[in-house]
Number of protein chains: 2
Amino acid sequence: NISKLKKKKENKTQQSEREHDTRNMIHSIKVGISLVLVSLLYLLNPLFEQVGENAMWAIITVIVIFEFSAGATLGKGFNRGLGTIVGGGLGCLAASFAQNIGGVGKSIMVAISVYICGSVGTYFRLAPRIKQRYEYGVMIFMLTFNLIVVSGVREKVWDIARQRLLTILMGYIVCICVSFLFPFWDSDELHHSTVLTFHHLADTIQGCLEEYATVVSENKSQPNYSLTVCKSVLNSKSKEESLANFARWEPWHGKFGFCYPWEKYLKIGNVLRELATIILAVGHCLQASKQDMASLRESHSAQLETCEAIGSRVAWALRELGDSMNLMRKCEGKGTILAKLKAARAGLSFVISTSKIAKLENGQVLAIASLVFLL
Amino acid sequence: NISKLKKKKENKTQQSEREHDTRNMIHSIKVGISLVLVSLLYLLNPLFEQVGENAMWAIITVIVIFEFSAGATLGKGFNRGLGTIVGGGLGCLAASFAQNIGGVGKSIMVAISVYICGSVGTYFRLAPRIKQRYEYGVMIFMLTFNLIVVSGVREKVWDIARQRLLTILMGYIVCICVSFLFPFWDSDELHHSTVLTFHHLADTIQGCLEEYATVVSENKSQPNYSLTVCKSVLNSKSKEESLANFARWEPWHGKFGFCYPWEKYLKIGNVLRELATIILAVGHCLQASKQDMASLRESHSAQLETCEAIGSRVAWALRELGDSMNLMRKCEGKGTILAKLKAARAGLSFVISTSKIAKLENGQVLAIASLVFLL
């Protein structure tokens, strides 16, 4: 039975790897197509006569902002556009101001403005709130401002600024259009990974229970393959945060509207991570106490069975929650789940005086109850 | 006593925030200075006559690669340099090949090479092993290759490539020189954060023990301020990995030589995270079972005292390990620590039949023992 489960899991991972690879391929092809499209600005004579050397900026834009998912591309492009406009505007002002001074004062003026922009911009870039969403925009602001102020010493700046903005816009439009052909949504990814976490945790609880049942009955030592999933759940925080960050940029699509509550996903993720901590601890506990378990089973078999029943009920509740989240309906079973969990808690408090492990699962139930209230 | 501890902690966080702010300021000033230095390429006539419009690339280089720590700057600069050289070389080859064909074939040739470079480059960029360390280099490779192939349609490419490389090199040299003035080392940061984690975990164990002792004696409910530290330890994996990644780029400095074993830090971090999981579980357990504890204390006071003694010994061992790591000497106390831990385990296995919590701490001891062997 367990070897069958393992094979199933291996097949699953192989399949998801293949899927991952296909997605990477599609993304690569999309980038290639966009690059060829913006290269046409150079290759076709009528287009080149319009934009000239500035066509370069379209190519740079495509390479720099074309990210894997549509949300990330949109966000980066928005940052780049805003940074270019603000930096270009301020740069033009500073440059024409310096040009009015003239002489050596001009160069000094330019150097001072470059210094101020550079240090203030960098300071803002390091501030946590800006770093999270607008770091790239601030960087582009600094870049554009400096380039325009400095080249304003020698050329007419308004033309450069206008043309660069135009070519960057072209690059951006090409990126967005191609990226929306077969889009990868970070919101989908976040949604699915959260649902998957519910199921993984449920599987782990089930796996723990089964493993420990077989150990008790056969006294064999099995590898605890199931705990690795829990550990990967624990390390998922930063990935989830970046996904939610990009998902905020994404427009209305599929099941997700504007202003979709992505913070809730992060909160659920946090609760699930806490639950994973508890499950890990329970798992370690069960592992460490195999022989004790056997003797305990003899003396308190009824209580242990209650514990097992509660464990599988918790797993069932997790699966139910994951499924209802997957289908994006309000959890219908909310009442029944709560009632069952409460019954489970009542059962637990009956057992609690004899088995400390039950106490741990009690914590688990508490975590799940808080999760249900969160939904 | 506890309020004193809290005040001390608040002072500490305020101080570290102020320190953080000063470091950000210094970094901002450094960026400003480097930008002024590269702007001189534009501002001073003799320099501008040498490099011309390509001075732009020096400015772009400074803004893009100047990162907070010296290691990250070095790594990014290395990536940028390598990407420029390889991309420029291949781009020149492709461009001169296309020029030999001439006519419409030339444009088609250029488009094909742009497509191939774009899609293959993007595919490699997404591969996990390259993504971790060389993503930026691959991006710059694509950028340079495309710009050179495409502008090769209209201009002589060797001159452009040579001059751009030269200006990028200038920008890089300026960055490195300024960044090494008051350097921030990621290796220091990683070292200190690991040492700090040892102490934080020790503090948490101590805090748990104290809290639970007071709760038992006074039956008051205290806020468990200490567990938040544990949770932050759990989420530190990605930060540690990026630090180790940058630390690999850093040259010989201070106490760290070349080829310093940064992977060991990651391993220790993993073990510490597992320990944090266990401590969290124990903490939750103690919280959930306050009233049971009181009754347990009456019935099994001797065993509980042993547990407390073991807990504080574990905390002591963690502090000792952290200190010896901080001073970078081989842990002298290794023998004594191991002996004490073994004595603790022996004590535990004596208590184990009455208290399940002891089992958890047993797991703790196992984790620490594995940690000691790792060092």
Q: All but one of (1) touching a residue at least 24 places away in the same chain (Cβ under 8 Å); (2) within 21 Å of A:I60 (Cβ to Cβ) hold for B:Y42, so report the exception by its number.
A: (1)
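Assess whether B:K106 counts as being closer than 14 Å to A:Y42 by Cβ, open to solvent by 40 Å² or more (accessible area, probe 1.4 Å) and within 11 Å of chain A (Cβ to nearest Cβ).
Working: closer than 14 Å to A:Y42 by Cβ: yes; open to solvent by 40 Å² or more (accessible area, probe 1.4 Å): yes; within 11 Å of chain A (Cβ to nearest Cβ): yes.
It is true that B:K106 is closer than 14 Å to A:Y42 by Cβ, open to solvent by 40 Å² or more (accessible area, probe 1.4 Å) and within 11 Å of chain A (Cβ to nearest Cβ).
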Q. Taking the stretch A:242-265 only, how many residues are at pLDDT 65 or above, more than 13 Å from A:E189 (Cβ to Cβ) and part of a loop (DSSP other than H, G, I, E, B)?
A. 6
Q: Could you identify the single residue in B:G77, B:G87 that is within 14 Å of B:L169 (Cβ to Cβ) and in contact (Cβ under 8 Å) with a residue 12 or more places away in the chain?
A: B:G77
Q | Search result, residues across the stretch A:25-35 that are more than 7 Å from chain B (Cβ to nearest Cβ), more than 18 Å from B:V110 (Cβ to Cβ) and surrounded by 19 or more Cβ atoms within 10 Å (Cβ to Cβ) | A | A:K30
**Q.** Any hit, the stretch B:36-54, residues being open to solvent by less than 10 Å² (accessible area, probe 1.4 Å), at pLDDT below 85 and polar (S, T, N, Q)
**A.** yes
**Q.** Selection from the stretch A:137-159 of residues that are open to solvent by 30 Å² or more (accessible area, probe 1.4 Å), more than 8 Å from chain B (Cβ to nearest Cβ) and modelled with pLDDT under 85
**A.** A:E155, A:K156, A:W158, A:D159
Q: Within the stretch B:82-103, track down each residue that is open to solvent by 10 Å² or more (accessible area, probe 1.4 Å), at pLDDT 85 or above and within 13 Å of chain A (Cβ to nearest Cβ).
A: B:A94
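Would you say A:N79 is of a type outside the set (G, A, S) and surrounded by 19 or more Cβ atoms within 10 Å (Cβ to Cβ)?
On the way: of a type outside the set (G, A, S): yes; surrounded by 19 or more Cβ atoms within 10 Å (Cβ to Cβ): yes.
So A:N79 fits the description; yes.
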Q: Under 9 Å between Cβ atoms, at least 6 apart or on separate chains: pull out the pairs that start in the stretch A:115-136 with a residue that is within 7 Å of chain B (Cβ to nearest Cβ) and farther than 17 Å from A:I65 by Cα and end on any residue that is of a type in the set (K, R) and open to solvent by less than 40 Å² (accessible area, probe 1.4 Å).
A: A:S119/B:K30; A:T122/B:K30
Q | Residue list for the stretch A:175-192, restricted to those being open to solvent by 30 Å² or more (accessible area, probe 1.4 Å) and either in contact with a Gly (Cβ under 8 Å, 6 or more places away or on another chain) or assigned to a helix (DSSP H, G or I) (or both) | A | A:I176, A:C177, A:W185, A:D188, A:E189, A:H192
Q: With the checklist (1) in a helix (DSSP H, G or I); (2) modelled with pLDDT under 85 in hand, flag the one item B:G32 doesn't pass.
A: (2)
Q: Check A:Y134, A:Y123, A:Y115 and return the single one that is open to solvent by 60 Å² or more (accessible area, probe 1.4 Å), within 30 Å of A:L37 (Cα to Cα) and of a type in the set (S, T, Y).
A: A:Y134
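Is it the case, given these coordinates, that A:A58 is open to solvent by less than 10 Å² (accessible area, probe 1.4 Å) and more than 34 Å from the chain's Cα centre (by Cα)?
On the way: open to solvent by less than 10 Å² (accessible area, probe 1.4 Å): yes; more than 34 Å from the chain's Cα centre (by Cα): no.
Considered against the rule, which asks whether it is open to solvent by less than 10 Å² (accessible area, probe 1.4 Å) and more than 34 Å from the chain's Cα centre (by Cα), A:A58 comes out as no.
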Q: Report yes if B:T22 is more than 11 Å from every other protein chain (Cβ to nearest Cβ), at pLDDT 80 or above and assigned to a helix (DSSP H, G or I), otherwise no.
A: yes
Q. Pick from the stretch B:45-66 the residues that are without any contact (Cβ under 8 Å) to a residue 24 or more places away in the chain and of a type in the set (A, V, I, L, M): which of them is farthest from the other protein chains (Cβ to nearest Cβ)?
A. B:L47
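Quick one: is B:S69 facing chain A (nearest Cβ under 8 Å) and of a type in the set (S, T, N, Q)?
Working: facing chain A (nearest Cβ under 8 Å): no; of a type in the set (S, T, N, Q): yes.
In short, no.
The values are calculated or read from the model by the stated rules, or taken from the named source; none is laboratory data. Predicted model only: the values in this text are computed from it and were never measured. For neighbour counting, all protein chains shown are included, and Cβ atoms are generated from backbone atoms with ideal geometry for every residue, glycine included. Side chains included, ligands, DNA and RNA excluded: accessible areas come from the protein's heavy atoms. Shrake-Rupley method; radii C 1.70, N 1.55, O 1.52, S 1.80 Å.
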